[in-house]
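Novice: First, the structure itself, so that you have it in front of you.
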Amino acid sequence: MLQCLRFDRRAQQMPTARRAAPVDGMFLADWHDTEDTRLKECGMPMITIEAEPAPLHVDLAYAALIIIDMQRDFLEPGGFGAALGNDVSRLKAAVEPCRNALAACRRRGVAVIHTREGHRADLSDAPRHKVERGDPSLRIGAPGPMGRILVRGEPGHDIIPELYPISGEPVIDKPGKGAFYQTDLDLVLRNLRIDTLFVCGVTTEVCVNTTVREANDRGYRCIVLSDCCASYFPEFHDMGLKMVKAQGGIFGSVASSQALLEGMELAAAA
Ligand code: C5J
């Protein structure tokens with residue numbers, strides 16, 4: 001009898017076929033061939049999403065929503081973003097669209113992954129040039145209203161309440177801008193057989209862009225959800241999205257959260 005535990009987030013388990021380790025040299029697409037029948041019967045639909053530069057067909061069984069660094073340190077006054085002189089209120093625009101995309105993915109059993117940028121308490125994983133940037137009283141590790149700035153375990157390092165992870169959703173702690181650098185994200189995605197990422201988060205041109213480039217080189221197809229991302233600099237947000245989708249989608253594709261929701265609804269109605 002088929003088990004569909006992968007799609008029950010509370011079960012935190014995967015069916016046997018998904019737990020099997022990937023074979024060296026196997027392309028991500030090959031995994032589909034071995035599991036298609038099983039996954040179809042698990043009820044995960046194929047959706048069409050109106051993306052740029054072109055519409056895409058996405059099998060939700062192999063897709064994940066990744067939410068990059070929606071942390072208090074970036075979105076709230078008194079954190080890392082503010083310490084660098086930024087107007088943090090500019091990032092608020094991404095919260096509601098992100099919340100809608102997150103709710104839709106949770107409802108349909110699409111894998112959800114969160115990331116957080118931050119450092120060890122002794123800052124041993126923080127490059128010196130990163131720590132020494134800016135006003136000494138506001139640097140990484142300095143005490144602030146939300147605890148030590150950009151340090152793991154401090155209140156500011158936490159994900160904002162609106163998008164708080166639930167049980168079964170992996171949280172990737174990363175010391176750099178890219179979510180793959182010095183983390184186990186690639187391993188987590190491969191074990192879940194993910195080949196497509198819906199990418200949300202902040203900031204568009206820094207951690208979102210870096211992660212998309214890293215993902216693209218590792219063979220993941222990225223669809224950046226434009227309104228679920230934000231920047232302290234509106235022009236960098238716009239350019240960051242343009243860079244992803246230029247030249248036929250050189251790093252990935254861009255779509256609105258509405259396009260994702262519509263794609264899901266159409267598939268559900270079919
Ligand atoms: C930045 C990030 N902007 N999460 N981090 O320093 O984009």
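The values are calculated or read from the model by the stated rules, or taken from the named source; none is laboratory data. For clarity, every value in this text was computed on a predicted model and none was experimentally measured. Note that each Cβ is placed from the backbone with ideal geometry, even for glycine, and that neighbours are counted across all protein chains shown.
Novice: Within region 98-117, can one find any residue that is over 20 Å from SER137 (Cα atoms) and touching a Pro at 6+ places or on another chain (Cβ under 7 Å)?
Specialist: Scanning region 98-117, I find at least one residue that is over 20 Å from SER137 (Cα atoms) and touching a Pro at 6+ places or on another chain (Cβ under 7 Å), so the answer is yes.
Novice: Which residue out of ALA246, ALA259, ALA215 is modelled with pLDDT of 95 or more, part of a helix (DSSP H, G or I) and under 13 Å from the mean Cα position of the chain (by Cα)?
Specialist: ALA215
Novice: With a cut-off of at least 3 residues that are hydrophobic (A, V, I, L, M, F, W, C) and within 16 Å of the ligand (Cβ to nearest atom), name the helices (runs of 4 or more DSSP H) lying wholly within region 67-114.
Specialist: Those helices (runs of 4 or more DSSP H) span 80-83.
Novice: Check whether at least one residue in region 236-243 is within 16 Å of the ligand (Cβ to nearest atom), farther than 22 Å from LYS92 by Cβ and out of contact with any Leu (no Cβ under 8 Å at 6 or more places or on another chain), and report yes or no.
Specialist: yes
Novice: So which residues in region 201-219 are in contact (Cβ under 8 Å) with a residue 60 or more places away in the chain and either within 13 Å of the ligand (Cβ to nearest atom) or of a type in the set (Phe, Trp, Tyr) (or both), if there are any at all?
Specialist: The initial filter retains those residues of region 201-219 that are in contact (Cβ under 8 Å) with a residue 60 or more places away in the chain, namely 201-203, 207-208, 211, 219.
If the condition is that a residue be in contact (Cβ under 8 Å) with a residue 60 or more places away in the chain and either within 13 Å of the ligand (Cβ to nearest atom) or of a type in the set (Phe, Trp, Tyr) (or both), then GLY201, VAL202, THR203, CYS207, VAL208, THR211 are the ones that fit.
Novice: Could you figure out which of (1) within 14 Å of the ligand (Cβ to nearest atom); (2) hydrophobic (A, V, I, L, M, F, W, C); (3) in a strand (DSSP E or B); (4) closer than 18 Å to LEU75 by Cβ isn't true of ALA179?
Specialist: Exception for ALA179: condition (3).
Novice: Count, please, the residues in region 110-138 that happen to be closer than 18 Å to ALA83 by Cβ and surrounded by 21 or more Cβ atoms within 10 Å (Cβ to Cβ).
Specialist: 4
Novice: Looking only at region 120-141, decide whether some residue is within 16 Å of the ligand (Cβ to nearest atom), assigned to a strand (DSSP E or B) and on the phi < 0 side of the Ramachandran plot.
Specialist: Looking for residues that are within 16 Å of the ligand (Cβ to nearest atom), assigned to a strand (DSSP E or B) and on the phi < 0 side of the Ramachandran plot, one finds none in region 120-141, hence no.
Novice: Taking the residues in region 220-269 that are closer than 14 Å to PRO55 by Cβ and among the hydrophobic types (A, V, I, L, M, F, W, C) as candidates, determine which candidate is surrounded by the most Cβ atoms within 10 Å (Cβ to Cβ).
Specialist: Within region 220-269, the match that is surrounded by the most Cβ atoms within 10 Å (Cβ to Cβ) is LEU260.
Novice: Something else about it: Report yes if some residue within region 227-240 is within 11 Å of the chain's Cα centre (by Cα) and not in a loop (DSSP other than H, G, I, E, B); otherwise report no.
Specialist: yes
Novice: Given the criterion touching a helix residue (DSSP H, G or I) at 6+ places or on another chain (Cβ under 7 Å) and not basic (Lys, Arg), identify the matching residue among GLU154, GLU117, GLU132.
Specialist: Numbers: GLU154 fails: touching a helix residue (DSSP H, G or I) at 6+ places or on another chain (Cβ under 7 Å); GLU132 fails: touching a helix residue (DSSP H, G or I) at 6+ places or on another chain (Cβ under 7 Å).
Of GLU154, GLU117, GLU132, the one residue that is touching a helix residue (DSSP H, G or I) at 6+ places or on another chain (Cβ under 7 Å) and not basic (Lys, Arg) is GLU117.
Novice: Of the residues that make up region 184-200, is at least one assigned to a helix (DSSP H, G or I), away from the ligand (no atom under 16 Å from the Cβ) and crowded, with 18+ Cβ neighbours inside 10 Å?
Specialist: Yes, there is a match, as at least one residue in region 184-200 is assigned to a helix (DSSP H, G or I), away from the ligand (no atom under 16 Å from the Cβ) and crowded, with 18+ Cβ neighbours inside 10 Å.
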